[in-house]
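All remarks here apply to the structure that follows.
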Amino acid sequence: MATSKDLSAQTIFGIKGFVAVITNGATGVGLMAAQTLVTNGARVYIVSRRQDFLQKAAETVNAGASSGGKLVPITADISQTDGIRTISSEITRLEPDGINILVNNGNVSPEERARSEAYTIDFSDANAVSKWMTTDGPDAWKDAYSGNIASHHFLTAALLPLLDKGRQQTPGHSSAIINIASAAGLTKTHSHGQFAFSSTKAAFIHLTKEWAHTFLPLRVRVNCISPGIFSPVFPGEGVRDEGQRERLERVGNEIPAGRPGKETDIGAAILYLCSKAGTYVNGQVLHLDGGILLKAPSTV
């Protein structure tokens, strides 16, 4: 029979001393995950091309850290081979005992023109729909698949030996990979014209299951968080303008939860899947969407 200590939240969800890598960790969901892990005692490397956001995130999060956790920025472009090599070599140098957590957070959404026109399209006009579907051109698709899928596939491969080493150094815990997808990868709606973005998220969900099966002999678990509507968070600040806040609140009122997602929602999911609490969970998708999939037509 388990002891009271075994069943305490501190034991089950404890990650103190763990090492994590988070891509696109300087803003949004990535920053929410990073702050949660640092707050609970993990050493977290966040990766982004934006050095200014990285530095601001590190200053903000480290100023509030009190449990031994630390946020370490790494400036690199994971869509480039040199960027992946930089990350791998730097983490290998700094963490000779390996890492415990990899959060693959792809947030490339290049279809801005199509998104801005989504509410003005006459869907009974074939010519209008055809033009709208190709508004942002083939480069948008290349950017989305490069930034959200291919880059994370090759980064995961590069860091897999470190995840294996981290598992060997942490008895009773299996290293965890968390892929951040989106409810857009499961709904049958047009995602406001973001066809490239939504299809990459569907691909990421499937890739999660393939990796989970492939990594079984290594005891490296792979799970996926599929967020719905979340307030965008930047280092040191919340939603950037009042109009954006009002739009989020309006959309949030329309979903079953009655609000957009927030930091504690992501934090709870991350802690569950990355800690001892989640070691019996592998190859699964956590729908963190406030109930969107209960209302929207979806593949679930």
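The values are calculated or read from the model by the stated rules, or taken from the named source; none is laboratory data. Values in this document were obtained by computation on a predicted structure and should not be read as measured data. Neighbour counts run over all protein chains shown; Cβ positions are idealised from the backbone, glycine included.
Numbers below:
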| quantity | calculated |
| --- | --- |
| Among residues of region 162-200, those that are farther than 18 Å from V44 by Cα and touching a residue at least 60 places away in the same chain (Cβ under 8 Å), counted | 16 |
| Cross-chain or 6+ apart pairs with Cβ under 7 Å, region 106-133 first and under 24 Å from L31 (Cα atoms), then aromatic (F, W, Y) | G106/F204; S109/F197; E111/F197 |
| Among residues of region 1-52, those that are part of a helix (DSSP H, G or I) and surrounded by fewer than 21 Cβ atoms within 10 Å (Cβ to Cβ), counted | 8 |
| Any hit, region 268-278, residues being assigned to a loop (DSSP other than H, G, I, E, B) and surrounded by fewer than 16 Cβ atoms within 10 Å (Cβ to Cβ) | no |
| Criterion violated by I225 - all others in (1) under 29 Å from D139 (Cβ atoms); (2) in a helix (DSSP H, G or I); (3) touching a residue at least 60 places away in the same chain (Cβ under 8 Å); (4) β-branched (V, I, T) satisfied | (2) |
| Residues satisfying the stated conditions in region 106-161, i.e. small (G, A, S), within 19 Å of A202 (Cα to Cα) and assigned to a loop (DSSP other than H, G, I, E, B) | G106, S109 |
| Residues satisfying the stated conditions in region 89-105, i.e. surrounded by fewer than 20 Cβ atoms within 10 Å (Cβ to Cβ) and in a helix (DSSP H, G or I) | S89, E90, T92, R93, L94 |
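Let's see how each residue does on (1) modelled with pLDDT under 95; (2) within 21 Å of S182 (Cα to Cα); (3) crowded, with 18+ Cβ neighbours inside 10 Å:
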| site | (1), (2), (3) |
| --- | --- |
| A118 | yes, yes, no |
| D122 | no, no, no |
| W132 | no, no, yes |
| A140 | no, yes, yes |
| D143 | no, yes, yes |
| I149 | no, yes, yes |
| H153 | no, yes, no |
| A157 | no, no, no |
| L163 | no, no, yes |
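Residue by residue, here is whether (1) over 26 Å from R93 (Cβ atoms); (2) within 15 Å of the chain's Cα centre (by Cα); (3) not aromatic (F, W, Y) holds:
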| residue | (1), (2), (3) |
| --- | --- |
| R113 | yes, no, yes |
| A118 | yes, no, yes |
| D122 | yes, no, yes |
| A126 | yes, no, yes |
| A158 | no, no, yes |
| I177 | no, yes, yes |
| F195 | yes, no, no |
| S199 | yes, no, yes |
| F204 | yes, yes, no |
